[in-house]
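Enquirer: I'd like to ask you about the structure that follows.
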Amino acid sequence: MKTERIDLPMSEIPDKWYNIVPDLPRPPDPPLHPGTGKPVTAEDMAPIFPMGLLAQEMSGDPWIDIPDEVREVYKYFRPTPVYRAHNLEKALDTPAHIYYKHEGTNPAGSHKPNTAIAQAYYNKIEGVKRIATETGAGQWGSALAMACSIFDMQCTVYMVRISYDQKPGRRVMMNTWGAECFPSPSDRTEIGRNILAETPDSPGSLGIAISEAIEDCVKHDDTRYSLGSVLNHVLLHQTVIGQEAMKQMELAGEYPDIIIGCHGGGSNFAGLTFPFVGRKLKEGKETRIIAAEPSASPSLTRGPYEYDFGDIGGMTPLLRMYTLGHGFVPAPIHAGGLRYHGAAPLTSLLVNEGVVEARAFNQLECYESAVQFARTERWISAPETSHAIRCAIAEAQKCRETGEKKVILFNWSGHGLLDLSGYEAYFSGKLTDYSMPQKDLDDGLASLPHIPGR
């Protein structure tokens, strides 16, 4: 069996995060205050986020130093390896060279600790006692639970109900690291109680869980809110992935023609691709960069580019992004981390400017590709990760048809060892497609807000 693993020494852990904002084709649209419609200030957001993270959220500096305390924790699992997928290439009979960056080597099992550790640290040094957050499939909740354990902080997680029921192992992980985890919508918040009164069997959504976590935060002075995706500072922290991957591809003697990441809110996609996007923008590299999203929640491929709330309760600032409407509740697919109505504003801008492209895949074809990946490369992938695998396989199959020898790099963003119920459903024929019908899109877009003064 031929394998190829490309490692970096610990000394190559990045000491700075890359901020793509100065390199964008145009300045990003500002977040707007939900009440006034005016651009938000750091003071507006101070009751929710610590000032250290707000400074990063609004920064125009191209590089931001990673604190030594954060890098010390990164040493538990970084740098992560890049693998050459020889066995998958052989199975596909493709001339393409397929590489994947493996972000499942940490205790939480996904890319999420890259920002969870940073966010816990900045909250800790500003005296925050507890962090409230949401989670979809549970990768983010378990990563933040681990990070809060490292920095001796309390953690409360609102987990989307369908994933809470489908993935009990994730909530057990959170409990084991000391966090409390509640199914969302819950009876702990006003927004949760209102939704349960209208829809007692609601499967939940990230938009609902975000509202609950923010409500929890603003009602407790010792608590701040933490988000695992979407926002600028979250994407910033993830760029350690792409920085390492650049060096590893140099060691491989190749440069990617195609770079792929699954996309829900945008954190793992941005983490791998943004350093390469920066090179594309500054040096004219002709790399195709693809965001692979679920057809059940296809914000980038079917949503309009509009201002919308990040949550269902309208408590967040308004963000300019591709959105299905904050009232949209996605179908209960197993890729719970991708069940989001919106998308990162920075990714959205790049899609709108034609720098990045997006493709949507249904969960049946994604599971088929994940099984093929497991039987060739041996790793059992998270349902979210399977979307990137599906896209990479589709591009490699094109290379087989055209004879082009392209280099494909994708982010293997996490393992599926706690998501085996989805594989069981796939093998038993119980897994469904869940492509979004037009009516659901129309209903979601009806919730788009009126912005005062605009």
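Enquirer: Once you order the gyration tensor axes a ≥ b ≥ c over the Cα atoms, which shape class does segment 357-447 get: rounded for a/c under 1.5, otherwise prolate or oblate by comparing a/b with b/c? Walk me through the numbers on the way to the answer.
Expert: Details: a/c = 2.03, a/b = 1.23, b/c = 1.65.
The shape class here is oblate.
Enquirer: Work out, step by step, the length gained on full extension between Thr36 and Met10: first 0.36 nm times the residue separation, then minus their alpha carbon distance; give nm to one decimal.
Expert: Full extension of this stretch gives 4.6 nm more.
Enquirer: Starting from the Cα-Cα distance between Asp165 and Asp152, subtract it from 0.36 nm times their residue separation and give me the gain in nm to one decimal. Intermediate results must be reported in sequence, preceding the final value.
Expert: On the way: separation 13, 0.36 × 13 = 4.68 nm, distance 2.81 nm.
Contour length minus the Cα-Cα distance gives 1.9 nm.
Enquirer: Let me ask something else. Distance from the Cα centre of segment 208-239 to that of segment 383-437, in angstrom?
Expert: 29
Enquirer: Now for a different question. For helix 240-252, what angle does its Cα long axis make with the longest principal axis of the chain, in degrees from 0 to 90 and rounded to 10?
Expert: Rounded to the nearest ten degrees, it is 0.
Enquirer: While we're here: Between rounded, prolate and oblate, where does segment 206-356 land on the alpha carbon gyration tensor, with a ≥ b ≥ c its root eigenvalues, rounded for a/c under 1.5, else prolate if a/b exceeds b/c?
Expert: prolate
Enquirer: May I ask you to sort Asp93, Asp15, Asp216, Asp29 by Cβ crowding, counting other Cβ atoms within 10 Å and putting the fewest first?
Expert: Working: Asp93 9, Asp15 14, Asp216 23, Asp29 17.
Ranking Asp93, Asp15, Asp216, Asp29 by Cβ neighbours within 10 Å, fewest first, gives Asp93, Asp15, Asp29, Asp216.
Enquirer: Multiply the residue separation of Glu365 and Ala55 by 0.36 nm, subtract the distance between their alpha-carbon atoms, and state the gained length in nm to one decimal.
Expert: That pair, Glu365 and Ala55, stretches by 107.5 nm at full extension.
Enquirer: I would also like to ask the following. At a Cα cut-off below 18 Å, give the aspartates and glutamates reachable from Lys247, other chains included and same-chain residues fewer than 8 away excluded.
Expert: Partners found: Glu4, Asp7, Glu12, Asp15, Glu103, Asp257, Glu283.
Enquirer: Among all cysteines in the chain, which have no other cysteine Cβ under 4.7 Å from their own Cβ?
Expert: Cysteines lacking a close Cβ partner in the chain: Cys181, Cys217, Cys262, Cys366, Cys391, Cys399.
Enquirer: Let me see the P(r) profile for segment 199-286: every Cα-Cα distance counted, bins of 10 Å, each bin given as a percent of all pairs.
Expert: Answer for segment 199-286: a P(r) of 15, 34, 24, 16, 10, 1 percent.
Enquirer: What nm distance separates the two modelled labels at Glu69 and Lys90, each placed 7 Å from Cα along Cα→Cβ?
Expert: 4.9
Enquirer: Next question, about the same structure. Could you line up Cys262, Cys217 from fewest to most neighbouring Cβ atoms inside 10 Å? It would help to have the intermediate numbers written out before the result.
Expert: Details: Cys262 32, Cys217 24.
Ranked by crowding around the Cβ, least crowded first: Cys217, Cys262.
Enquirer: Ok, one more. What is the sum of charges around Ile150, taking Lys and Arg as +1, Asp and Glu as -1, for the other residues whose C-beta is under 11 Å from the C-beta of Ile150? Each step should come with its number before you reach the end.
Expert: On the way: positive: Lys124; negative: Glu69, Glu72, Asp152.
So the surrounding residues net to -2.
Enquirer: Calculate the length of the line joining the C-alpha centroid of segment 17-84 to that of segment 150-188, in whole Å.
Expert: 25
Enquirer: Based on Cβ point charges of +1 for Lys and Arg and -1 for Asp and Glu, what charge dipole magnitude is obtained for segment 127-249 about its Cα centre, in debye rounded to the nearest 20?
Expert: Approximately 340 debye in magnitude.
Enquirer: Taking every pair of alpha-carbon atoms in the chain, what share in percent sits in each 10 Å bin, from 0 to the bin with the longest distance?
Expert: Over the chain, the share of Cα pairs per 10 Å bin runs 5, 23, 35, 27, 9, 1, 0 percent.
Enquirer: If you don't mind, there's one more thing I want to ask. Return the subset of Lys285/Lys398; Lys405/Lys439; Lys282/Lys405; Lys16/Lys129 for which the Cα-Cα distance in this structure is over 32 Å, preserving the input order. The partial results should precede the final answer.
Expert: Working: Lys285/Lys398 21 Å; Lys405/Lys439 42 Å; Lys282/Lys405 25 Å; Lys16/Lys129 27 Å.
From Lys285/Lys398; Lys405/Lys439; Lys282/Lys405; Lys16/Lys129, over 32 Å: Lys405/Lys439.
Enquirer: When a/c is below 1.5 the answer is rounded, else prolate if a/b is larger than b/c, else oblate, so apply that to segment 20-76 with a ≥ b ≥ c taken from the square roots of the Cα gyration tensor eigenvalues.
Expert: oblate
Enquirer: What nm distance separates the two modelled labels at Glu286 and Ser421, each placed 7 Å from Cα along Cα→Cβ?
Expert: 4.8
Enquirer: About the Cα centre, and with charges only on the beta carbon of Lys, Arg (+1) and Asp, Glu (-1), how big is the dipole of segment 237-298? Nearest 20 debye, please.
Expert: 160
Enquirer: How much net charge surrounds Lys406 when only other residues with a Cβ under 13 Å from its Cβ are counted (Lys, Arg +1; Asp, Glu -1)?
Expert: Cβ neighbours under 13 Å give a net charge of -3.
Enquirer: With a sphere of radius 13 Å drawn around the Cβ of Ser11, what net charge do the other residues whose Cβ falls strictly inside it have (Lys, Arg +1; Asp, Glu -1)?
Expert: Cβ neighbours under 13 Å give a net charge of 0.
Enquirer: Which GluC sites (Glu not before Pro) in segment 384-426 sit in a loop by DSSP (not H, G, I, E or B) and have at most 15 other Cβ atoms within 10 Å of their own Cβ?
Expert: Glu404
Enquirer: Give the order of Ile208, Ile389, Ile20 when sorted by the count of other beta carbons within 10 angstrom, beginning with the fewest.
Expert: Details: Ile208 27, Ile389 31, Ile20 23.
Fewest-to-most ranking of Ile208, Ile389, Ile20: Ile20, Ile208, Ile389.
Here, each number is a calculation from the coordinates, and none is a lab measurement. None of the values given here were measured: they were computed from a predicted structure. Because the Cβ atoms are built from the backbone with ideal geometry, glycine has one as well, and the counts that use them run over all protein chains shown.
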